[in-house]
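Quick notes on the structure that follows.
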Amino acid sequence: MNSLGVDNISIEKANVEVNDNLDGGVKVSFSGDIDLQYPEAIFSPFFNQIHNKIIESEIKKVELDFMLLTFLNSSGIKTIIKWITQVTALPPDQKYTFDIVANSNITWQETSLKMLSLLAPGLINLVVK
């Protein structure tokens, strides 16, 4: 377990791991396929827990690593949008930034994740590898 005390998620076809060894920040790594019809039931509480722990710990940087995620449906993207929206509503001293790491070899990532980066200019940086 990481120092935030957040348990990783492992579902039928996917894993999401939280690692806090990222230069004073947090890395959330996604792998597999996330194609649940209602992913919000699993991911919203998970993202809310991470969000609250980040604020408590005064962390200023989060890396969302999608390099090993082969599929993310629109409902999954919506849960990530809700997390990002929570950050945009925070007072300036509590806000943190996101580095979204996309895999250029997985077609959907560059376009879909680029759209995420447009949600909160200045808070999101898209890194395509």
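What follows is calculated from the coordinates using simple rules that are stated; it is not laboratory data. Treat the numbers as computed from the prediction; the structure is a model and nothing was measured. All Cβ positions, glycine included, derive from the backbone under ideal geometry; neighbour counts span all protein chains shown.
Percent relative contact order of segment 53-114, based on C-alpha pairs within less than 8 angstrom and at least six residues apart? Show your work: numbers first, answer last.
On the way: 49 pairs, mean separation 29.9, N = 62.
Worked out over segment 53-114, it gives 48 percent.
Express in nm, to one decimal, how much length is gained between Gln86 and Ser3 on full extension, taking 0.36 nm for each residue of separation and deducting their alpha carbon distance.
Numbers: separation 83, 0.36 × 83 = 29.88 nm, distance 2.21 nm.
In short, 27.7 nm is gained.
Can you show me the helix-derived [θ] at 222 nm for the chain, built from DSSP H runs with n ≥ 4 at -39,500 (n - 2.57) apiece and divided by the number of residues, rounded to the nearest 500.
Calculated at 222 nm, the ellipticity per residue is -11000 deg cm²/dmol.
In nanometres, what is the gap between the two model label sites at Lys61 and Ser75, each 7 Å from Cα along Cα-to-Cβ?
3.5
So for segment 29-91, what are the equivalent ellipsoid semi-axes in whole Å, largest first, each being the square root of 5 times an eigenvalue of the Cα gyration tensor? Present the calculation step by step, with values, prior to reporting the outcome.
On the way: eigenvalues 94, 36, 19 Å².
One finds semi-axes of 22, 13, 10 Å for segment 29-91.
With only alpha-carbon pairs counted, each pair once and no self-pairs, how large is the Kirkwood hydrodynamic radius of the chain in angstroms? Don't jump to the answer; show the numbers that get you there.
Working: mean 1/r = 0.0682 Å⁻¹.
For the chain, inverting the mean 1/r across all distinct Cα pairs yields 14.7 Å.
Give me Ile11, Ile42, Ile124, Ile34 ranked fewest to most by other Cβ atoms within 10 Å of their Cβ, as a rough exposure proxy.
Final ranking by Cβ density, sparse to dense: Ile11, Ile42, Ile124, Ile34.
So in the chain, what percent of DSSP beta bridges are antiparallel if you round to the nearest 5? Spell out each step's value before the answer.
Numbers: 10 of 28 bridges.
Percentage antiparallel, nearest 5: 35.
Calculate the length of the line joining the C-alpha centroid of segment 80-97 to that of segment 24-43, in whole Å.
Going from one Cα centre to the other spans 18 Å.
Testing the spin-label approximation: label points 7 Å from Cα along Cα→Cβ at Trp108 and Asn19. State their distance in nm.
2.4
Restricting everything to alpha-carbon atoms, can you work out Rg to Rh for segment 60-100 with a Kirkwood hydrodynamic radius?
Values: Rg = 11.8 Å, Rh = 11.4 Å.
Ratio value, two decimals: 1.03.
If a paramagnetic tag sat 7 Å from the Cα of Lys129 along the Cα-Cβ line, which residues of segment 62-105 would have the backbone N under 20 Å from that point?
62-72, 97-105
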